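What follows is one structure encoded as structure tokens, with my remarks underneath.
The values are calculated or read from the model by the stated rules, or taken from the named source; none is laboratory data. Please read all numbers here as calculations on a predicted model, not as lab measurements. Positions of Cβ are generated from backbone atoms using ideal geometry, with glycine treated the same way; all protein chains shown enter the neighbour counts.
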């Protein structure tokens, strides 16, 4: 009797493992894992993708920093025009230095 119980327990564990493996396989299929592995195996494709992504990030940072700098420079100019006693002279000097280097 105990032998049957042991065999049934083993079968139950095997069926649970098999259903878990099937679930994992379905999940990987939904995630297009095969395509991702193919992508990783194509070295030049990975290099090209990362190079283009790096160019886009660099361009985005350059444009963003330029716009941010322009906005800061605009507000500094406005503050300098307010003729604030101590800060106005300091800001005017900074604006003058920045304009000389443009």
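Only one of the numbered conditions (1) at pLDDT below 95; (2) in a helix (DSSP H, G or I) is violated by residue 85, and that is (2).
Return yes when residue 55 is within 30 Å of residue 99 (Cα to Cα) and touching a helix residue (DSSP H, G or I) at 6+ places or on another chain (Cβ under 7 Å) and no when it is not. First the steps, then the outcome.
On the way: within 30 Å of residue 99 (Cα to Cα): yes; touching a helix residue (DSSP H, G or I) at 6+ places or on another chain (Cβ under 7 Å): no.
When the stated conditions are applied, residue 55 does not pass them.
For the structure I just gave you, tell me whether residue 6 is at pLDDT below 85, surrounded by 10 or more Cβ atoms within 10 Å (Cβ to Cβ), in a helix (DSSP H, G or I) and more than 37 Å from the chain's Cα centre (by Cα).
Numbers: at pLDDT below 85: yes; surrounded by 10 or more Cβ atoms within 10 Å (Cβ to Cβ): yes; in a helix (DSSP H, G or I): yes; more than 37 Å from the chain's Cα centre (by Cα): yes.
Against the criterion (at pLDDT below 85, surrounded by 10 or more Cβ atoms within 10 Å (Cβ to Cβ), in a helix (DSSP H, G or I) and more than 37 Å from the chain's Cα centre (by Cα)), residue 6 qualifies.
Against the numbered list (1) in contact with a helix residue (DSSP H, G or I) (Cβ under 8 Å, 6 or more places away or on another chain); (2) at positive phi, residue 83 comes up short only at (1).
Against the criterion of being within 24 Å of the chain's Cα centre (by Cα), without any contact (Cβ under 8 Å) to a residue 60 or more places away in the chain, under 30 Å from residue 98 (Cβ atoms) and in a helix (DSSP H, G or I), residue 67 qualifies. Any residue at all in segment 70-77 that's surrounded by 10 or more Cβ atoms within 10 Å (Cβ to Cβ), part of a helix (DSSP H, G or I) and over 34 Å from the mean Cα position of the chain (by Cα)? Within segment 70-77 (the criterion being surrounded by 10 or more Cβ atoms within 10 Å (Cβ to Cβ), part of a helix (DSSP H, G or I) and over 34 Å from the mean Cα position of the chain (by Cα)), the answer is yes, since at least one residue qualifies.
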